[in-house]
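Structure record follows, encoded as structure tokens.
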Amino acid sequence: MKNETNTADIEGLIAENEALKNENQTLNSHYELLKSECAYLKFQLEELKRQVFGRKSERFVPANDNQLSLFEETLPEQEAEPHGQMERISYERKKATRKKHPGRTPIPAHFSVVETIVEPEEDTEGLVKIGEEISEHVEYTPPVLVCHRTIRPKYVKPIADQGSRILIAELPPRPIPKSIAGASLLAYLFVSKFVDHLPFYRLIKRFERENQWSLKQSTINSWFTDVSNLMKPLFDELHARTMNTDYLQADESTIKVLTKLPKDEKGKPKVPKKVKGSGQMLGYMWVVHNVTDGLVCFQYLNTRSGESAQEILESFTEGYLQVDGHDSYNKIAERENVHRLGCMAHARRKFFEAQGNDPQRATYALEFFHKVYELEREETTGMTPDERKVWREENLKPLYEQFKTWVDAQLYTPKSPIGGAFTYIKNQWDTLMTLFMDGRLLLDNNRIENKIRPLALGRKNYMFAGSHDAAQRIAMMYSFFATCKIHDISPFEWLTDTLNRIMVTKLSNLHELLPTADWQPLPKRE
């Protein structure tokens, strides 16, 4: 009887021990989960602080060029030192030298020159001039608004058996008929807003301050609408030529729109996102870059969905599409002859952001990206696409494969910052390897992100578009000016010339007005 009691007690203790063990495992699991969430929240806080107060640059410099590289094929042999033996270490340090001052900025030769001769206060009559001292400085003259008055004399011309008729020249065409705004004024307004990021209301204040001329913002808005309608055929030509390629880069960025949304058949808004507390809607500027021809086209749509991506890239059915990892482009990549190309900069950014979470592995990954960019920059400059393709196969591909082997061997928590970096690069690895299919392809999407940067700067100043139609007109201007920048064309000179010519240019000759390498302005009248 006593043995049975002891057995029951032992079994009870065992059961209790198992329960405690299971409870302990549950607590440990809960602890690890809380620990992971805490680390992720700390990362989010640090990232937010970096974005608000820190530098935006993602530049990474290896700590020491003499440090053993993770990607060296062989490691140098090291002799073992006896334990406890003392060694004297000496080194030479390069003495810091003061950087030579480059001198003052030279004054360009095309500046107008106003000469002022300053004679000594003493009487110089009868003295021999032996030379002169010349000094130069630059003054600023505020922009001048000039009223151009066109006078057309009227004549009476007698006509046999018909009396007479009035003879008068036709009024030269202007961008906006019956408007007081000429081509150069319109170009100045729109370049100031979309290149220099000055809202119209600031330009109005400038006119009042410097030229004592008051304009209403509604008047300038009306000019902008009229000019956009005038240039719509040229924009359509730019869009068609941008899409006519086998290598496109695409990206998108947000823009606030101050208007009610278009509604579907059920009366519901078509846009899913609304800016809280402002009554503004969040739309998207989609931008595509024809890398081969140097053409850029912005288009506004009110969503970031896959349907929007398919609408933007409807005519792109063959070639390479370089984009980030967003799901919007998945359907495009499924097209039979379209190859999705990943962006090394986006993959690198994930590891850059994870440095505070896992510095050792993040640094390892950043060293890989640094090595790839360094080799690409130093070795492939001047190569033909075919030569670059062969060089990449021999030199870059082994680095990629070695890095992928390392990534596959890592253990990580998916929700952690470093886990997010590993997950992203694993999901995008096949698209990153598309790089080796063609020597024309670029490592990253940075060129198109640079084209979006003016939009990001501008929306901080003018904050929102007044309507969905206004947002598309903004997209039109950013398209033209981004293409001007690629081809190093003055946006003011180009727009002034185009506004003077577009009314008399045939549709079949519109391509002559595009701001490409073939563009030539009309000679200026004397």
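Is there a pair in Lys42/Lys371; Lys21/Lys42; Lys350/Lys371; Lys42/Lys350; Lys42/Lys415; Lys178/Lys216 whose C-alpha atoms are over 20 Å apart, and which pairs would that be?
The pairs that break the limit, which is 20 Å between Cα atoms, are Lys42/Lys371; Lys21/Lys42.
Taking 30 Å as R0, compute the FRET efficiency from the Cβ-Cβ separation of Phe111 and Asp488 and round it to 0.05.
Result of the calculation: an efficiency of 0.90.
If only Cα atoms are counted, what is the Rg of segment 161-256, and what is its Dmax, in Å?
19.9, 70
Provide the per-residue ³J(HN,Hα) series for segment 379-390, in order, calculated from phi with Karplus coefficients 6.51, -1.76, 1.60 and θ = phi - 60°, each as a whole number of Hz, with x at glycine and proline positions.
Karplus-based 3J(HN,Hα) across segment 379-390 equals 9, 9, 4, x, 6, 6, x, 5, 5, 5, 4, 5 Hz.
Which of rounded, prolate, oblate describes segment 88-242, given a ≥ b ≥ c as roots of the alpha-carbon gyration tensor eigenvalues and a/c under 1.5 marking rounded, otherwise prolate only if a/b is larger than b/c?
Taking the square roots of the gyration eigenvalues as a ≥ b ≥ c, segment 88-242 is oblate.
With Kirkwood's inverse mean 1/r over C-alpha pairs for Rh, give me the Rg to Rh ratio of segment 397-484, two decimals please.
Numbers: Rg = 19.4 Å, Rh = 16.7 Å.
Rg divided by Rh gives 1.16.
Quick check on segment 471-522: take the gyration tensor over C-alpha atoms, sort the square-rooted eigenvalues as a ≥ b ≥ c, and tell me if it's rounded (a/c under 1.5), prolate or oblate.
Values: a/c = 1.68, a/b = 1.20, b/c = 1.40.
Oblate shape, in that a/c is at least 1.5 and b/c is the bigger or equal ratio.
How big is segment 274-412 on each of its three principal axes, counting only the C-alpha atoms and giving the largest first in Å?
Largest to smallest, the principal-axis extents are 49, 41, 27 Å.
Might you report the magnitude of the Cβ-based charge dipole of segment 410-526 about its Cα centre, with Lys and Arg at +1 and Asp and Glu at -1, to the nearest 20 debye?
Charge dipole of segment 410-526: 360 debye, to the nearest 20.
Going by average Cβ neighbours within 10 Å, how do the peptides 131-140, 490-499, 326-335 rank, with the highest at the top?
490-499, 326-335, 131-140
Sorted by average packing, counted as other Cβ atoms within 10 angstrom per residue and highest first, what order do 433-444, 290-301 take? Show your work: numbers first, answer last.
On the way: 433-444: 17.8, 290-301: 20.9.
Output ranking for 433-444, 290-301: 290-301, 433-444.
Determine, from the Cβ-Cβ distance of Tyr155 and Leu230 and an R0 of 45 Å, the FRET efficiency 1/(1 + (r/R0)^6), rounded to the nearest 0.05.
0.90
Just to verify a number: FRET efficiency for Lys216 and Ser508, C-beta to C-beta distance, R0 = 45 Å, to 0.05?
Values: r = 38 Å, r/R0 = 0.86.
Efficiency, rounded to the nearest 0.05: 0.70.
With a 1.4 Å probe and all protein chains left in place, how much accessible area per residue does segment 118-177 have, in Å²?
Here the residues of segment 118-177 average 107 Å² of exposed surface.
Using only Cα atoms, what is the ratio of the radius of gyration of segment 378-430 to 2.2 N^0.38 Å? Could you put the intermediate results ahead of the total?
Working: Rg = 15.0 Å, N = 53, 2.2 N^0.38 = 9.9 Å.
Output field value: 1.51.
For segment 377-526, what class follows from the C-alpha gyration tensor (a ≥ b ≥ c being the square roots of its eigenvalues): rounded when a/c is under 1.5, otherwise prolate if a/b is larger than b/c, else oblate? Each step should come with its number before you reach the end.
On the way: a/c = 3.60, a/b = 1.76, b/c = 2.05.
Oblate.
Search the structure for amide H atoms under 5 Å from the amide H of His339, placed 1.01 Å from N in the peptide plane, and list their residues when 5 or more places away or on another chain.
When sequence neighbours closer than 5 places are left aside, the close amide H contacts are Gly319, Tyr320, Leu321.
The values are calculated or read from the model by the stated rules, or taken from the named source; none is laboratory data. Quantities reported herein were computed from a predicted structural model and do not represent experimental measurements. FYI the Cβ positions are ideal-geometry reconstructions off the backbone, even for glycines, and counts take in every protein chain you see. All accessible areas refer to the heavy atoms of the entire protein, side chains included, with ligands and DNA or RNA removed. Shrake-Rupley method; radii C 1.70, N 1.55, O 1.52, S 1.80 Å.
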